[in-house]
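The values are calculated or read from the model by the stated rules, or taken from the named source; none is laboratory data. Everything quoted here is computed from the prediction, not taken from an experiment. Every residue, glycine among them, receives a Cβ derived from its backbone with ideal geometry; neighbour counts consider all protein chains shown.
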Amino acid sequence: MHDPASPTTSTPELLRLRLDIAYDGTEFSGWAEQPGRRTVQGELQFALARVLRLDGVQLTVAGRTDAGVHARGQVAHLDVPVDLWAAEGDRLLRRLSGVLPADVRVRAVAPAPEGFDARFSPLYRRYVYRVSDAPGGVDPLRRHDVLWHKRPLDLDRMNQAAAELLGEHDFAAYCRKREGATTIRELLRLEWVREDEHLYAGTVQADAFCHNMVRALVGAVLAVGDGRRDTSWPRTVLNAGVRDSAVHVVPPHGLSLEEIRYPADTDLATRATATRRVRTLSG
């Protein structure tokens, strides 16, 4: 029988926070926490635990980036007690800036709308890969975020090849297979522009990406751009449906996660439910 005078314990009401994050991936072993390695998730969770005085801080991220990959538009969520946010919310951002190392920043933090899930709610993720074909090599000040390609590139050829990869396909030929995970994705945008005389930026946008997909797609298109492959070759590889050793996965340092786009607040939960379903190709 319960004694009214005895103390009772209850689970505190939780509030979901959205964190907008940027980082220079050069010195990180990727996003995901790994024992004995410096990671973005590890640094952020340590800082949050210290500032909020919480144990077991666990971030859920929109997209796990590999070692060396940068981000300007990463998003994660964190559940904290409501009363803790009420007490610390106004000064949390400034306090984090004083604790975090210089190569990772929380750009914004705020209560998330109902139904928000950083991982499952996005409509798409947008990455940009930068490459230079300058004869003398990359500007030393850009060496950490631009790949040097030793052969001259043809912008029109790259865009012609890229256009043939758009749409919903099984991208198994461009992904590292993971047990139980689908490789079906909808590639919404793959487009190259010239940012300077020898500097090219490739935008790669999809509802989601499987492991190594962005860097493998870039590698295939670069092989077309420098004339080693025909413009139809990346699509031929895609249709074959198996990894092709001729597809070079480009280094990670030229890649930056630029944007995670979410639907209207009223559609967040519905989108998350749809994303969790195992995808199959129509027809």
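Can you name every residue in the range 116-133 that is buried (at least 17 other Cβ atoms within 10 Å of the Cβ) and in a loop (DSSP other than H, G, I, E, B)?
Phe116, Asp117, Ala118, Arg119, Phe120, Ser121, Pro122, Asp133
What residue, among those in the range 172-192 that are among the basic types (Lys, Arg), surrounded by fewer than 20 Cβ atoms within 10 Å (Cβ to Cβ) and out of contact with any Leu (no Cβ under 8 Å at 6 or more places or on another chain), is farthest from His248 (Cα to Cα)? Before the answer, list the steps.
Pass one, the range 172-192, residues among the basic types (Lys, Arg): 176-178, 185, 189.
Checking the rest, the ones that are also surrounded by fewer than 20 Cβ atoms within 10 Å (Cβ to Cβ) come to 176-178, 189.
Then keep just the ones that are out of contact with any Leu (no Cβ under 8 Å at 6 or more places or on another chain); that gives 176-178.
Working: Arg176: 13, Lys177: 16, Arg178: 19 Å.
It comes out as Arg178.
Looking at the range 230-260, which of its residues are assigned to a strand (DSSP E or B) and of a type in the set (Val, Ile, Thr)?
Taking the range 230-260 and keeping what is assigned to a strand (DSSP E or B), we get 255-260.
Selection gives Ile260 alone.
Suppose the filter is assigned by TED's automatic domain parsing to the domain that holds Gly136, part of a helix (DSSP H, G or I) and at negative phi; does Thr203 pass it?
Working: assigned by TED's automatic domain parsing to the domain that holds Gly136: yes; part of a helix (DSSP H, G or I): no; at negative phi: yes.
Against the criterion (assigned by TED's automatic domain parsing to the domain that holds Gly136, part of a helix (DSSP H, G or I) and at negative phi), Thr203 does not qualify.
A quick yes/no check of all residues on (1) surrounded by 15 or more Cβ atoms within 10 Å (Cβ to Cβ); (2) closer than 21 Å to Tyr262 by Cβ; (3) modelled with pLDDT under 95:
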residue	(1), (2), (3)
Leu19	yes, yes, no
Ser29	yes, no, no
Ala32	yes, no, no
Thr39	yes, no, no
Gln45	yes, no, no
Asp55	no, no, yes
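In the range 264-280, which residues are loosely packed, with under 14 Cβ neighbours inside 10 Å, modelled with pLDDT of 70 or more and closer than 16 Å to Arg185 by Cβ?
Filtering the range 264-280 for residues loosely packed, with under 14 Cβ neighbours inside 10 Å gives 264-266, 270, 273-274, 276-278, 280.
Okay, now just the ones that are also modelled with pLDDT of 70 or more, so 264-266, 270, 273-274, 276-277.
The answer is Ala274, Arg276, Arg277.
Looking only at the range 212-229, decide whether some residue is within 22 Å of His149 (Cβ to Cβ), in contact with a Phe, Trp or Tyr (Cβ under 9 Å, 6 or more places away or on another chain) and either not assigned by TED's automatic domain parsing to the domain that holds Asp156 or not in a helix (DSSP H, G or I) (or both).
yes
Quick one: how many residues across the range 60-72 are surrounded by fewer than 20 Cβ atoms within 10 Å (Cβ to Cβ) and of a type outside the set (Asp, Glu)? Even if it seems obvious, please write down each step before you answer.
Quick first cut of the range 60-72, residues surrounded by fewer than 20 Cβ atoms within 10 Å (Cβ to Cβ) only: 60, 64, 66-68, 72.
From what is left, the residues that are of a type outside the set (Asp, Glu) are 60, 64, 67-68, 72.
Residues meeting the conditions: 5.
If we scan the range 103-115, do we find a residue that is touching a Gly at 6+ places or on another chain (Cβ under 6 Å), under 29 Å from Asn212 (Cβ atoms), of a type in the set (A, V, I, L, M) and touching a residue at least 24 places away in the same chain (Cβ under 8 Å)?
Of the range 103-115, the ones touching a Gly at 6+ places or on another chain (Cβ under 6 Å) are none.
No; the residues of the range 103-115 include none that is touching a Gly at 6+ places or on another chain (Cβ under 6 Å), under 29 Å from Asn212 (Cβ atoms), of a type in the set (A, V, I, L, M) and touching a residue at least 24 places away in the same chain (Cβ under 8 Å).
Filtering the range 213-228 down to residues that are touching a residue at least 60 places away in the same chain (Cβ under 8 Å) and buried (at least 19 other Cβ atoms within 10 Å of the Cβ), which residue is nearest to Asp156 (Cα to Cα)?
Among residues in the range 213-228 that are touching a residue at least 60 places away in the same chain (Cβ under 8 Å) and buried (at least 19 other Cβ atoms within 10 Å of the Cβ), the one nearest to Asp156 (Cα to Cα) is Gly225.
Any residue in the range 87-108 that is hydroxyl-bearing (Ser, Thr, Tyr), closer than 15 Å to Ser256 by Cα and not assigned by TED's automatic domain parsing to the domain that holds Asp145?
no
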